[in-house]
Amino acid sequence: MSVHSLNRLIELREREVERLNVEVANKRAVGDRYRRSLERMTALCEGSGASAALPPALSLNCGNYKQAMLGMVDLHRQDLALHEADMAVSQRALDAAARKQEVFQQLLARRQAQLLREHESREQKRQDELATQVWWRGQR
């Protein structure tokens, strides 16, 4: 594989890693919003007080409110769990893309080192041939 091809592959992998980094960061932000919303909803539910101390109509209203809030909290927790599972998949994809990029970078480094050795070998051979020619001319 040529150095140019490897550079192009590395560039494409870097873009993929950057895109996945942004995706994971956005998903973390969404997860943080889920957690803050859960805290606020839980606080609202707890802050509504005891419904038994209220008149019957208000007590029923307060109970319905708490029940609705607890239902929303449960749904929100389920959504958060699904979101965290999706985020884990994205994180694994990011890790895999970063590993692929690293593999191509190592391959490029090895290829460049091989090309350098080949160049140095050709240069040494050329220098040896020149030295041999100079020696032969000096022997005549």
Of the numbered conditions (1) modelled with pLDDT of 95 or more; (2) farther than 24 Å from residue 33 by Cα, residue 89 fails exactly one; give the number of that condition. (2)
Residue by residue through the range 1-48, note down the ones that are among the acidic types (Asp, Glu) and surrounded by fewer than 14 Cβ atoms within 10 Å (Cβ to Cβ). 11, 18, 32, 39, 46
Name, by its number, the condition in (1) in a helix (DSSP H, G or I); (2) surrounded by 10 or more Cβ atoms within 10 Å (Cβ to Cβ) that does not hold for residue 54. (1)
Since residue 127 meets every condition but one in (1) surrounded by 12 or more Cβ atoms within 10 Å (Cβ to Cβ); (2) closer than 28 Å to residue 3 by Cα, which condition does it not meet? (1)
What number goes with the only condition from (1) closer than 30 Å to residue 7 by Cα; (2) more than 35 Å from the chain's Cα centre (by Cα) that residue 89 does not pass? (2)
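Here's the yes/no breakdown for (1) without any contact (Cβ under 8 Å) to a residue 24 or more places away in the chain; (2) under 30 Å from residue 9 (Cβ atoms):
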| residue | (1), (2) |
| --- | --- |
| 70 | no, no |
| 93 | no, yes |
| 99 | yes, yes |
| 103 | yes, yes |
| 113 | yes, yes |
| 117 | yes, yes |
| 123 | yes, yes |
| 134 | yes, no |
Looking only at the range 69-105, filter to residues that are touching a Cys at 6+ places or on another chain (Cβ under 8 Å) and surrounded by 15 or more Cβ atoms within 10 Å (Cβ to Cβ); which one of those is farthest from residue 17 (Cα to Cα)? 69
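The values are calculated or read from the model by the stated rules, or taken from the named source; none is laboratory data. Just so we're clear, the structure is a prediction, and the values are computed from it rather than from any experiment. Don't worry about glycine lacking a Cβ; one is built from the backbone with ideal geometry, like all the others, and counts go over all protein chains shown.
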